[in-house]
Amino acid sequence: MCDTIAAIATPSGTGGIGIIRISGPKSKERLTELFHSVSPKFTDFKPWMLHRGYLVAPTNEFLDDILAVYMPAPYTFTGEDVVELHCHGGHFLLLTILETVLCKNIRLAKPGEFSQRAFLNGRMDLTQAEAVAELIAASSRNEVLLASNRLKGLLGQKIIDIRRRIEELRVWICLAVDFPEEESGIFPLEKFINGLLEIHEIIQKLIHAAERSRCWKEGVTVALAGAVNAGKSSLLNALLGKERAIVTEHPGTTRDFLEECIIVNSLSIRLIDTAGLRVTSDPIEEQGIQKGREKIDEADVILFIIDGTVGVTEESKLLINNFGVERTILVWNKVDLKVPPSNWTELYTSSQVSGICVSAKTGSGIEELLVLLYNFVLSQHNAQEPTFDTIVPNMRQVEVFSLVLEEIRSLYEDIRSGIPYDLCAVMLENISSMLNSIIGFDTPEEVLNRIFASFCIGK
């Protein structure tokens, strides 16, 4: 890491300000060559302060009126000398300035290389580095919260605590191996097993937390299903608060599925409006119905829309029970035209099912439907709103934790069956090594390269 790198750190496009980040031993030297201060009293860059001046090309051509800041190592994001050029945010202008910077024997940064240098220089562990990318990509408040908790180092601290517990178990094993005849060599088997089970429980809770939080990270898919003219497209428009789907009185208007996303209390919901379910001789409509059924089968939740003016039909009852009531919410639409009986959900299925009355036309019940849908998803995933101390590992980390659990279970069975203690010590070292790979200790270079290559350029 003896070379100096640079990249545009702000999103592509046109904006008021664009930032070019430079990191490495030649950062300040190159800044001095390109920057001309507007202050006649300027002699050198005072660290951590913005300096206004002109950025000038090697040909002495004026490029931009900028603010520049020099941040000396080691207390920077990368742990190296860092320079930031705050320029006007025109896309072509930034590319021109970056090209000028790169002409000064500075290399274009690879995707994620700034974060990789921060990790390699000990400014953050691997869980924090991964959290940076997830924080940037977050699309909801809860995603931001989960990523920022790992950026604070909460998961890394938890893993360090688990490793400490494993080391205590390993010490007991080593004493029993090295001093078998002495009092210190008496192996506390039950205490060892209890400690092992405690570690297993801690890791199991982390995995369960990831499973319960999947809805915050990935969002959920909700299919709007029902007979023709039940008001599915009207309900989609009402949920979106805009006219997205074509609505007519003619049956079979929706021939293909429509997808739109909404955010409800920081939960990302992908709504899919499907074609009305019926028997038809129209081959195009039939193809749309088939596509709709595929989307319904794949959906996390089904909003089954009932035309309140038609009421209960045998076909609807059959469809609801085939779809599965455990992922279905019954929506009695057109309540402004006909109010259902108090026990209307029982008319469709003998199983317990969620139901609500709305009018897509007047908007009555739409807010209540969103609340019901939100709570339904949380119950479905056994999820809770994250807090400022919620620790949730990502997919890569869960995969490693799962392997650790398998190793712990094997060790539990083996030590119960009486295998030699020195083999138990080897298994504990293997478990510790797996945990190290989560926070970045002893992680293979190809794994690190793969992780950081998924980051954006400039981060």
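Quick note: the coordinates plus some simple rules give every number you see, no bench work behind them. Computed from a predicted structure; not experimentally measured. Cβ coordinates were reconstructed from backbone atoms using ideal geometry, including for glycine residues, and neighbour counts include every protein chain displayed.
In this simple spin-label approximation, ARG270 and GLU99 carry label points 7 Å from Cα along the Cα→Cβ vector, and these lie 3.9 nm apart. If R0 equals 41 Å, the separation of the Cβ atoms of CYS456 and TYR412 corresponds to a calculated FRET efficiency of about 0.45. Cβ-Cβ distance of ILE160 and GLN352, R₀ of 56 Å, FRET efficiency by 1/(1 + (r/R0)^6): the value works out to about 0.80. Checking the a/c ratio against 1.5 first, then a/b against b/c, what shape does the Cα gyration tensor give for segment 110-175? Cα axes put segment 110-175 in the oblate bin. Sparsely packed loop sites in segment 1-50 (the chymotrypsin sites (Phe, Trp or Tyr not before Pro) outside DSSP H, G, I, E and B with at most 12 other Cβ atoms within 10 Å) comprise TRP48. Partners of LYS191 within straight-line reach, counting lysines whose Cα lies under 24 Å from its Cα and excluding those fewer than 8 residues away in the same chain: LYS158, LYS205.
Ordering VAL447, VAL177 by the number of other Cβ atoms within 10 Å of each residue's own Cβ, fewest first, gives VAL447, VAL177. Just check segment 5-109 against the gyration tensor rule for me: Cα atoms, a ≥ b ≥ c as the square roots of the eigenvalues, rounded for a/c under 1.5, and otherwise prolate or oblate depending on whether a/b exceeds b/c. It comes out rounded by the Cα gyration axes. Applying the criteria of a DSSP loop state and at most 14 other Cβ atoms within 10 Å to the trypsin sites (Lys or Arg not before Pro) of segment 1-102 yields LYS41. Once the Cα-Cα distance is subtracted from the 0.36 nm per residue extended length, the GLU399 to PHE441 segment shows a gain of 13.5 nm. When you restrict to C-alpha pairs under 8 Å that are six or more residues apart and normalise by the size of the chain, the relative contact order lands at 17 percent.
Counted by Cβ distance under 15 Å from LEU93, the other residues give a net charge of -4, where Lys and Arg count +1 and Asp and Glu count -1. A DSSP coil position with no more than 12 other Cβ atoms inside 10 Å describes the following GluC sites (Glu not before Pro) in segment 24-112: GLU61. Which residue, PRO420, ALA383, VAL371, has the largest displacement toward the positive end of the dipole of segment 331-459 when charges sit on each Cβ (Lys, Arg +1; Asp, Glu -1)? Farthest towards the positive pole: VAL371. Judged by the ratio a/c of the largest to the smallest principal axis of the C-alpha gyration tensor, the chain counts as oblate, that ratio being 1.5 or greater while a/b is no larger than b/c. I want the local charge near GLU407. Using Cβ-Cβ distances under 12 Å, sum +1 for each Lys or Arg and -1 for each Asp or Glu among the other residues. Combined, the nearby Lys, Arg, Asp and Glu give -3. Derived scalar couplings between HN and Hα for segment 442-459 equal 6, 7, x, 4, 5, 5, 4, 4, 5, 5, 6, 5, 7, 6, 7, 5, x, 10 Hz in order, rounded to whole Hz, by the Karplus curve 6.51 cos²θ - 1.76 cosθ + 1.60 (θ = phi - 60°), x for Gly and Pro.
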